[in-house]
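Where a number appears in this text, it was derived from the coordinates with a stated rule and is not lab data. Here the structure is a predicted model, which is why all the values come from computation and not from measurement. No Cβ is skipped: glycine too gets one built from the backbone with ideal geometry, and neighbour counts run over all protein chains shown.
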Amino acid sequence: MIFGRTERGGPPVEPVTLKILVAGGFGAGKTTLVGAVSEIKPLRTEELLTEAGRPVDDTSGVEGKHTTTVAMDFGRITLREDLVLYLFGTPGQDRFWFLWDELATGALGAVVLADTRRLEDCFAAVDYFERRAIPFVVGVNCFDGAARHPVEDVRRALDLDSAVPVVLCDARARDSVKDVLIEVVRHAMAHAAERRHTVTG
Amino acid sequence: MSADGQGTPHWFDDEAGPVVRPYAMTRGRTSSPGQHRLDLIALVVAERYAEDREADQALSPEHVDIVELCRQAPQSVAELAAELDLPVGVVRVLVGDLVEDELVHVRRPVPPAELPDESILRDVISGLRAL
Ligand SMILES: Nc1nc2c(ncn2[C@@H]2O[C@H](COP(=O)(O)OP(=O)(O)OP(=O)(O)O)[C@@H](O)[C@H]2O)c(=O)[nH]1
Ligand SMILES: [Mg+2]
């Protein structure tokens, strides 16, 4: 993932870095989606947990605390030498949600992958991003053998705000995933414009 | 084996992954003093004189690996962790040490409260189209 030595003498290029999260239930296609557009690498975060399963205070020592490995998908897309987009596939297990807070901080936006055979699996992710006002797009992953739910049915079932884009996608297909990501950025732009508008009155 | 050696039952199961003590190389520290928690996409940039200074310091092999990678090109915290197969928490501590030793500096991403420039977002869209 190294993009070559910078020219001798010149200062290194420090690219602008942005991140988009990819969430969804078990087997919804998160890993597939990240892998379709980037070289995927597993990322280990070792989290210190108390018995209650909450992260412990950062500055405390590790004595007597449990550490557990949480793996997530991580991909890098070099858009330009000075512009890099990172994708993070969020851990599917609900009990690792405190990890999301760190991932979500500063994220440009998110994709929630929905598997129409188990639509309820993505309710939690939708709630999470709604509550934090993080712009997200719902990608309806078209698995073989699944009934093609029209986009409007999915929107209704998820009780989505009319501004939230719902797009059909195939997480295996690079072009389809590109379209989903473009939709996230577009939606984030609209979201930002609206926020600016609200702030300035 | 349980992390505290007392065989206490864990609230998490096997799917959570192995229980490990990865903090040996940080001497048990989970963060460096005075360090904010580094964002996963914060960029670590080697100082230009890092090459000469590296030798003077008592650095662990992992510290050296980080400096080496960052000298080739600035790397995000997440990339360093993935590339060196180290947990993110460990990389944060080691990067904190290197900042203190002035071998690297960290460029933080756009603060969460602010939004990236609209022109940057347009560039992201055209970059994605061109992929
Ligand atoms: N037909 C079809 N199959 C898909 C699609 N996306 C993923 N799959 C398949 O579905 C299975 C699960 O996909 P993953 O990408 O591993 O799903 P995941 O969300 O990462 O799963 P977990 O990490 O276990 O939660 C794999 O066998 C994929 O090949 C899709 O768009 N269409
Ligand atoms: Mg996966």
Per the 1/(1 + (r/R0)^6) rule, R0 = 25 Å and r from the Cβ atoms of A:Glu120 and A:Arg172, FRET efficiency to 0.05 is 0.60
Determine Rg/Rh for segment A:108-178; Rg is computed over alpha-carbon atoms and Rh is the Kirkwood hydrodynamic estimate from the same atoms. 0.94
Please average, across the residues of A:169-179, the number of beta carbons from any other chain that are within 10 Å of each residue's own beta carbon, and give a whole number. 1
Neighbouring Cβ atoms within 10 Å as the yardstick, rank A:Thr32, A:Thr17 fewest first. A:Thr32, A:Thr17
Give the peptides B:115-125, A:151-161, B:94-104 in descending order of average Cβ contacts within 10 Å, highest first. B:94-104, B:115-125, A:151-161
Taking the number of other C-beta atoms within 10 Å as the exposure measure, put B:His105, A:His187, A:His197 in order starting with the fewest. A:His197, B:His105, A:His187
Burial ordering of B:Glu62, A:Glu194, fewest other beta-carbon atoms within 10 Å first: A:Glu194, B:Glu62
